[in-house]
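Reviewing the structure listed below.
Every number here is computed from the coordinates shown, using simple stated rules; none is lab data. What you see is a predicted model, and the numbers here were worked out from it, not measured in a lab. No Cβ is skipped: glycine too gets one built from the backbone with ideal geometry, and neighbour counts run over all protein chains shown.
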Amino acid sequence: MNTSSVVLRDRWLRVNFGAGRPAHADFHYLWLRHNCALDLHPTTRERLVDASEIDERIAPTSARIDGDSLVVSWNDAVRRESRYPLAWLRAHAYAAEREEPPRPVTALDALTLDARSLDRVALFRAALEGVERHGVVRVVHFRPSGDPRPEDTEAIIDALSDAGLSVVGTHFGRIEDLRVDNSTNQNTDQLGYTDAAVHLHTDQPFLEAPPTFQALHCIAPAPRGGESFLVDARALAEILRAEDADAYELLRTVPVTFHRKQKSFEKILSAPILGEDGPAGFRVRYSYFTLAPYRVPFAQMERWYRAHRRFAELVRDERHHVRFLLGAGDFVLYDNHRMLHARTSFEGHRWLRGVYFDR
Ligand SMILES: [Fe+2]
């Protein structure tokens, strides 16, 4: 019995051969299409197509194993079914038994703690373990009555202090009141204090040592919108490294400039987007709204944009996101060196309180 199977990814597919070696092999869509036997002259068997004639974003509309062949249909409106004998794929496997890095964990259940089922010490110990493992933890019902107060933010601070973290003040103050009618913070001229969407970013990338953790405590959710979502940039950097080593290397080595300029604060810092200088050996700096114009050498600029786009595509892919609505009394704690965070736009009154911590 043929137990071969095929798994589709964004730019490549994996053939599981079912028996024998290699057990599996990965093939880029571009490579498969370039090697389609339908593009050989029927009598001379010479190739009729140059690879540059194939759209870079070529991808299957479907792929299946049929007998002892892989059969692929394509998205470029050409009616064709390409057939690749499994023995031929085996013989030409350039990525035999390639290891695929783990995808980010996005199951909300695995990232959620219910404050009603744990005592205070156990809850915060579990929260820090969760952040260590997955980069983020969501705690629901920190105030079971669903009627949280600003003082509850102090209770979170006390508990995290007892667990070994200390509060880091910023140019906004000690605690940020993320609300449209903010009157408590310095430098309120920032997106966070509007009702606009704020797409994925890290906080304070313009500091040499951005704060390690942020807690976002929900006092009042918006009547409409204001969902939170995060993405594990560390896991995605590993996927990028495995799929596009050049892009990864550019993101790790090309410095970009983050320029934060507000009414009474200004800071400029140049650093690569991906670094290994974080406390746990990884640090991402990602902030489209504080990015200064690129100063990359002319001959490198297009490569740079391409590399950045590859990473941004992984980051913005909703399949990689953890998404939830913080209810009154819920909070989220995440690792700001590893996770990007975001919120959707909202209408009406919404009040979150933000606090940064270092170990
Ligand atoms: Fe932020």
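Structure values in brief
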read-out: Measure of compaction for segment 1-96 (Cα Rg per 2.2 N^0.38 Å); value: 1.05
read-out: Unit Cα scatterers, Debye sum, segment 13-60: log10 I(q)/I(0) for q = 0.19, 0.24 Å⁻¹; value: -0.72, -0.87
read-out: Total charge dipole magnitude, the chain, about the Cα centre, Cβ charges on Lys, Arg, Asp, Glu only, Debye to nearest 20; value: 460
read-out: Isotropically averaged projected area of segment 83-140, using the convex hull of Cα atoms (one quarter of hull area), nm²; value: 6.5
read-out: Inverse mean reciprocal Cα-Cα distance (Kirkwood Rh) of the chain, Å; value: 23.1
read-out: Net charge, Val49 excluded, C-beta distance under 13 Å - Lys, Arg +1, Asp, Glu -1; value: -3
read-out: Low-density loop cleavage sites - chymotrypsin sites (Phe, Trp or Tyr not before Pro) in segment 1-97, where at most 12 other Cβ are within 10 Å (DSSP); value: Tyr94
read-out: Table column - 3J(HN,Hα) (Hz), segment 307-318, Karplus curve with 6.51, -1.76, 1.60, x for Gly and Pro; value: 4, 4, 4, 4, 5, 4, 5, 5, 5, 8, 5, 4
read-out: Phi to ³J(HN,Hα) by Karplus 6.51 cos²θ - 1.76 cosθ + 1.60 over segment 68-76, Hz, x for Gly, Pro; value: 10, 9, 8, 10, 10, 9, 10, 8, 9
read-out: Whole-Å distance, taken between Cα centres, linking segment 151-188 and segment 283-353; value: 21
read-out: Distance between modelled label sites at Val167 and Ala23, nm, 7 Å Cα→Cβ extension; value: 5.2
read-out: Karplus-derived HN-Hα couplings along segment 15-31 (A = 6.51, B = -1.76, C = 1.60, θ = phi - 60°), whole Hz, x at Gly and Pro; value: 9, 8, 6, x, 7, x, 10, x, 6, 8, 8, 10, 9, 5, 4, 4, 5
read-out: Hydrodynamic radius of segment 90-203 per Kirkwood, over alpha carbon pairs, in Å; value: 17.6
read-out: Hydrodynamic radius by Kirkwood, which averages 1/r over all alpha carbon pairs of segment 224-359, in angstrom; value: 16.6
read-out: Extension gain (nm, one decimal) between Glu276 and Ala91, 0.36 nm per residue minus Cα-Cα; value: 62.8 nm
read-out: Three semi-axes of the equivalent ellipsoid, segment 154-206, Cα gyration tensor, whole Å, largest first; value: 23, 14, 11
read-out: Total formal charge among the other residues, if their Cβ is under 10 angstrom from that of Leu108, Lys/Arg +1 and Asp/Glu -1; value: +1
read-out: Per residue, the convex hull volume that the Cα atoms of segment 222-283 enclose (Å³); value: 152
read-out: For peptides 129-140, 286-297, sequence by mean Cβ density within 10 Å, most packed first; value: 129-140, 286-297
read-out: Antiparallel content of DSSP bridges confined to the chain, in %, to 5; value: 95
